[in-house]
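A short worksheet on the structure shown next.
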Amino acid sequence: MRRSMLCSGHCLLALLLVLAGCAHRAPEAEVPAPVSPAIWRQVDSELLDASRSATAQAEVYAQGSMEHWRTRVYQQTDEQFIPWFSGYWTQEWLSLKVGWYSLNSRGDAGQASGRLAAYLQEQYQERVLAPVALEIDADEITGEAMEFYVQLLRQQLAQIGQRYQLPTPRLDQHLDQVLAIDLGPAAEQRAYLTQLLRVEPIARLPAYGPLLRQIRGTAAAGQGTPAPGVSQVAQVTSEKIQAQFATRGVAGAVAAAVGRVAGALISVGVAGVRALVQDHDRDGVQAQTRRDLGAAFDQAWSRQLHDPEHGVLAGVYYLGRQIESQLQVPGVAEDPAGGRSP
């Protein structure tokens, strides 16, 4: 009897231990239900709409930033460059330079004008563009517009994921098949849409630098060329001064001055500019300079804003084209797991 009771007790204890073990066993992870191809097509469609909306808002942002930059450049030009350029002693110095350039270029007016433009470019950079860049830099608007675009797209993606109750890993897997940046075969030249939307700020992406260099390639290749309008101002100034030289035989005097004391050459420059000032008063010089700079600068500003390959919105347009071209490729089949296959 006692042995029977002991056996029953042992059996009961074993049963309780088994039940307790079952109660503490971790539940098996639930496998997310597959997302239908129709849902993925709808997700892609909404991503395209989000990209287009973000592009439009980035355009507004860039337009406002560029307007601010242009306003400050105009103000700085009026306050610093034009008074300096139209000053009596500056015009005398420029007259001397043109005479010297003409002498060294053996009468080649185009070469003399180009050298004067290079000198004025240095002055315009120092007196106008560099001070304005401390407040707002046009080169940085490209990166800022891209960051703004991605922030808007990131917000829309979060709403799309919630709307369709998409698990983050499954959504990331879907976005991993879209190349947002594709500049070459190397890993540092590529970035998938997942990386673009997850990495903050996007400047941390290895492919971000190569993309900016591609956008600014034309500008970098043309570094050292005159700022907008400066070449026109230099050409007009050079033509006026050389006309004064021609009518008064100053070119011959400059040639004769080679090898003589510097004072003789300076007197030639002063004589030329005095004649120039008599024909065109200071107000006239300022008005003409303002017109030349303004007209050329407006054209260059418009190109910088609207050029789809190298303007301030080129980065936004590039990302938009990349996303759209891959989310709307015809003849792409989608597997049951939600991925794409050719």
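For the pair residue 144 and residue 56, how long in nm is the line joining their label points, each one 7 Å along Cα→Cβ? Result for the modelled spin labels: 2.3 nm. Ranked by the mean number of other Cβ atoms within 10 Å of their residues, highest first, the peptides 175-183, 163-171 come out as 175-183, 163-171. Shown in residue order for the range 143-155 are the 3J(HN,Hα) couplings computed by the Karplus curve 6.51 cos²θ - 1.76 cosθ + 1.60 at θ = phi - 60°: x, 5, 5, 5, 4, 5, 4, 5, 4, 5, 5, 4, 5 Hz (x for Gly and Pro). A simple spin-label model places pseudo-atoms 7 Å from Cα toward Cβ; at residue 282 and residue 164 they are separated by 6.9 nm.
Positive contributions from Lys and Arg (+1) and negative ones from Asp and Glu (-1), summed over other residues with Cβ under 12 Å from the Cβ of residue 58, come out at -2. Extension gain for residue 173-residue 239 works out to 17.2 nm (0.36 nm per residue, less the C-alpha to C-alpha distance).
Backbone amide hydrogens, once placed in the peptide plane, bring residue 180 within less than 5 Å of 191, 192, 193, excluding anything fewer than 5 places away on its chain.
We did not get these values from a lab; they are worked out from the coordinates using the rules stated. Everything numeric here is computed off the predicted structure, so don't read it as measured data. Cβ sites come from the backbone with ideal geometry, for glycine too, and all protein chains shown count toward neighbours.
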